[in-house]
Structure formats: C-alpha cells, structure tokens
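Asks: Sharing a structure with you now.
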Amino acid sequence: MAKINRKYIDKHWLMFLIRGGLAIAFGCVILFSGMTEVDNIVALASVFLLSMGIVDAVGALYASTKKHGWINSIIDALIDVIAAVALLFFAKNNLVLGVVIISVYTILSGVIDIFHGFLSTVDPTDRFIRILAGAAGCVIGLVILNAGGFEMMTFMRFFGVYMLIVGVTSMIYGAHNRAQGIEDKTARSVARKSATRKKAGKKSKK
C-alpha cells in the first residue's frame, strides 16, 4: 500500500464524505428538480457554498489538532465563504457578475484539487481522483466563463454537473482514505505483535 503524505492532506476522511454528500445533493437539485427561478438558484448556491465553507472550517480545526494541513482547509473555507457572500449580495441583480463568480470559484477549486492531487499523496488512486476532479473544474469553469450566449440557468446547470463530479470523487476519496486508515492500523498492529514476539523470543533464549 502506498504511503499517504499526511503533511498535505487537508481534511479528515469524514470531511470528504460530508462534502461529497452536500455536493451531490446540490448537483441533483440543480439538474433534476425543475427549478427555473434564477434568484432561487443563486440563493441555493449561496447556502450550499456557505455549508461547504463550514465543513472546510471544521476540517481546518481538525487538521490543526494534527499540526498539519490546516492552512489548506482554511484556504478552501475562505474560497467557499467568499463565493457564497459574493453570490448572495452581488449576483442577484447582475447575472454577468454571477457567471463570473461561479466560473472563478469553479476554476480555483479545480486548481486546488490538482495541487492536492500532486502533493497530498503518492497513492495512484487518490492522485487520479483529485486530479480528475481538478481538471473537470478547470474545464467547466472556463466553459462557463467563455460561453456568453447561454442563459444563467444553463451556467448553473454546468455548475451542477461539476458539483456532481466533485461529490462522487469526494465520496470515493473519503471512502478510499478510510480504507487506507484501517489497513494502516491493521499493519501497525501486526508489526507490534511481531515485534513483541521477537522480543519474547530473545528473552527466552537468554
């Protein structure tokens, strides 16, 4: 099993599962609920991003107890909260600004995921998951930013697709890291028992 570089992991596995659940729920509402009122969608997006920011802030508190990774979570939380506040107070009467906020947020999230993909782990599965989500964010963010002929709801649906990708990859990432943690504990337990038996064997020989 590849060793996780704990210095760069920015959230506990449970945080990834919670973020993934929130993202999937939001994406499904945007894509499948039939909502058409732009103001309601923008308000919902603001609440969603604020919720993500709270989860990231909790992740930062957890990471601070482990003495690593908390700065990454703080950055994530700030991006989430700033985007939520910007949407809530500045995008209601300015659809162009709303599109810019959504696209910039999506691109920044993608870049951060790619960054973590290269630095958070040497495990190929974890790395692939983070880079895949990051690449999707960058591509979708650029599409939103440059597709000026679409309506706001179309842009929000693009964002909903990205959130589904984020949700699924976060759930997989969290579950995979949980499995790695269990394997880690099992391996350490076996190593301790083996070391104990060796010590006992040496003492009996003496």
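Asks: If residue 4 passes every condition in (1) surrounded by 17 or more Cβ atoms within 10 Å (Cβ to Cβ); (2) in contact with a Leu (Cβ under 8 Å, 6 or more places away or on another chain); (3) at pLDDT below 85 but one, which one does it miss?
Replies: (2)
Asks: Filter segment 148-166 down to the residues that are farther than 12 Å from residue 134 by Cα and either among the β-branched types (Val, Ile, Thr) or assigned to a helix (DSSP H, G or I) (or both) and list them by number.
Replies: Here is the first cut: in segment 148-166, the residues farther than 12 Å from residue 134 by Cα are 148-161, 164.
Those that are farther than 12 Å from residue 134 by Cα and either among the β-branched types (Val, Ile, Thr) or assigned to a helix (DSSP H, G or I) (or both): 152, 153, 154, 155, 156, 157, 158, 159, 160, 161, 164.
Asks: Which one of 171, 163, 152 is surrounded by 18 or more Cβ atoms within 10 Å (Cβ to Cβ), closer than 20 Å to residue 100 by Cα and among the aliphatic types (A, V, I, L, M)?
Replies: Checking each option against the conditions leaves just 163.
Asks: Let me ask another. Just wondering, is there one or more residues in segment 10-23 that are at pLDDT below 80, more than 19 Å from the chain's Cα centre (by Cα) and under 21 Å from residue 179 (Cα atoms)?
Replies: The answer is no; no qualifying residue exists.
Asks: Just one of the numbered conditions (1) loosely packed, with under 10 Cβ neighbours inside 10 Å; (2) at pLDDT 70 or above is not true of residue 176; which one?
Replies: Evaluating residue 176 over (1) loosely packed, with under 10 Cβ neighbours inside 10 Å; (2) at pLDDT 70 or above leaves (1) as the failure.
The values are calculated or read from the model by the stated rules, or taken from the named source; none is laboratory data. It should be emphasised that the depicted structure is a prediction, and the values quoted were computed from it without experimental measurement. Cβ: placed from backbone, ideal geometry, glycine included. Neighbour counts: every protein chain shown.
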